[in-house]
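All remarks here apply to the structure that follows.
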Amino acid sequence: GAGVSQSPSNKVTEKGKDVELRCDPISGHTALYWYRQSLGQGLEFLIYFQGNSAPDKSGLPSDRFSAERTGGSVSTLTIQRTQQEDSAVYLCASSLGRFDQGAFFGQGTRLTVV
Amino acid sequence: AQSVTQLGSHVSVSEGALVLLRCNYSSSVPPYLFWYVQYPNQGLQLLLKYTTGATLVKGINGFEAEFKKSETSFHLTKPSAHMSDAAEYFCAVSLPRGGGADGLTFGKGTHLIIQP
């Protein structure tokens, strides 16, 4: 597609359930980022994929969070046993892998844990 | 590692007035600098970027920013605010090499309010 696509756009889940958030990056972009944006907060880095290298998971807040990127393209962010503090907008971005290009963002998935 | 500080979580200006959003960074090497805008319920859109060369960079929607190494600043300006400029603005920094969390670090954002 022309841009970064995220699905679903909105997700309401019950506390304790698992959720999967999907990101389709721009074709040909080797770098993919996940960020979390909470109300009144900036963007919190979660995880970064670059080509075939091992992902940088240093931003994941707990072991309930994990992410995969299959075939160097689509990525899935999984949150297990969701908690209310996980409620946020989860943003995915992709770039050509060169940091001077900046990154292109999807519209995000708004996750609400009730 | 690098960091970004945006002064003022909220900035309010009158329509037609100058917009000035402040961003200061810290970095061990000359960084790449970016401004992103986020309209309500949307993702982030790249406004402009500085990598090398001319220190005054122009972006979309009439915005520009100047890289001042001596002040470690990259403030965003627009001569005349429009109602459609109301949004959240994020300054970001990255290093010319490296990856992971150092790849793209964001400030906490500034909410721009335009008064009619």
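Between B:Asn61 and A:Glu44, the modelled label-to-label distance comes to 2.6 nm, taking each label 7 Å out from Cα in the direction of the beta carbon. At an R0 of 22 angstrom, the distance between the Cβ atoms of A:Arg81 and A:Lys57 translates into a FRET efficiency of 0.75.
Loop-located GluC sites (Glu not before Pro) in the stretch A:6-107 (DSSP state not H, G, I, E or B) with no more than 16 neighbouring Cβ atoms inside 10 Å: A:Glu14. For B:Lys108, list long-range residues whose amide hydrogen, built 1.01 Å from N in the peptide plane, is under 5 Å from its own amide hydrogen. Amide H neighbours of B:Lys108, under 5 Å, 5+ apart: B:Gln6.
Length available on full extension from A:Val74 to A:Glu20: 0.36 nm per residue minus the Cα-Cα distance, which gives 18.2 nm.
List the lysines whose Cα sits under 20 Å from the Cα of A:Lys17, skipping any in the same chain fewer than 8 residues away. Of all the lysines, none pass the test against A:Lys17 - Cα under 20 Å, at least 8 places apart if same chain. Across chain B, the mean sequence separation of Cα contacts (distance under 8 Å, 6 or more residues apart), normalised by length, yields a relative contact order of 38 percent. Pairs over the 31 Å Cα-Cα cut-off, from the set A:Lys57/B:Lys49; A:Lys15/B:Lys49; A:Lys11/A:Lys57; A:Lys57/B:Lys108; B:Lys69/B:Lys108; B:Lys68/B:Lys108: A:Lys15/B:Lys49. Mean partner shielding of peptide A:101-109, defined as the number of other chain Cβ atoms within 10 Å of each residue Cβ, is 6.
Per residue of peptide B:104-111, the mean number of Cβ atoms on other chains within 10 Å of the residue Cβ is 4. Diffusion coefficient (Stokes-Einstein, Kirkwood radius over C-alpha pairs, 4 °C, 1.567 mPa s) for the protein assembly as shown: 72 µm²/s, rounded to a whole number.
Mean separation of Cα pairs under 8 Å and 6+ residues apart, divided by the residue count of chain A: what relative contact order is that in percent? Value for chain A: 38 percent. When Rg and the Kirkwood Rh are both derived from Cα coordinates, the Rg/Rh ratio for the stretch A:60-114 amounts to 1.02. In chain B, a dipole from Cβ-located charges (positive for Lys and Arg, negative for Asp and Glu) runs towards its positive end, and of B:Gln2, B:Cys23, B:Val37 it is B:Gln2 whose Cα lies farthest in that direction. Each 10 Å bin from zero holds the following percent of Cα-Cα pairs in the stretch B:1-99: 15, 50, 29, 6, 0. Across chain A, Cα-Cα distances exceeding 22 Å account for 26% of all pairs.
Extension gain for B:Ser70 to B:Gln42 (0.36 nm times residue separation, less C-alpha to C-alpha distance): 6.6 nm. Other residues whose C-beta falls under 14 angstrom from the C-beta of B:Ala81 contribute a net charge of -2, scoring Lys and Arg +1 and Asp and Glu -1. If you take the Cα centroid of the stretch A:18-47 and the Cα centroid of the stretch B:19-89, the two points sit 21 Å apart. Taking amide H as placed 1.01 Å from N in the peptide plane, B:Ala87 has its amide H under 5 Å from the amide H of B:Leu112, each at least 5 places away in sequence or on another chain. Counting only residues at least eight positions apart within a chain, or on another chain, the aspartates and glutamates with an alpha carbon under 12 Å from that of B:Lys58 are B:Glu66.
Within 10 Å of the Cβ of each residue in A:5-16, the mean number of Cβ atoms contributed by other protein chains is 0.
All of the numbers you see were taken from the coordinates with simple rules; none came from a lab. The shown structure was predicted, so the numbers you read here are calculated from the model rather than taken from an experiment. Cβ atoms come from the backbone with ideal geometry, glycine included; neighbour counts cover every protein chain shown.
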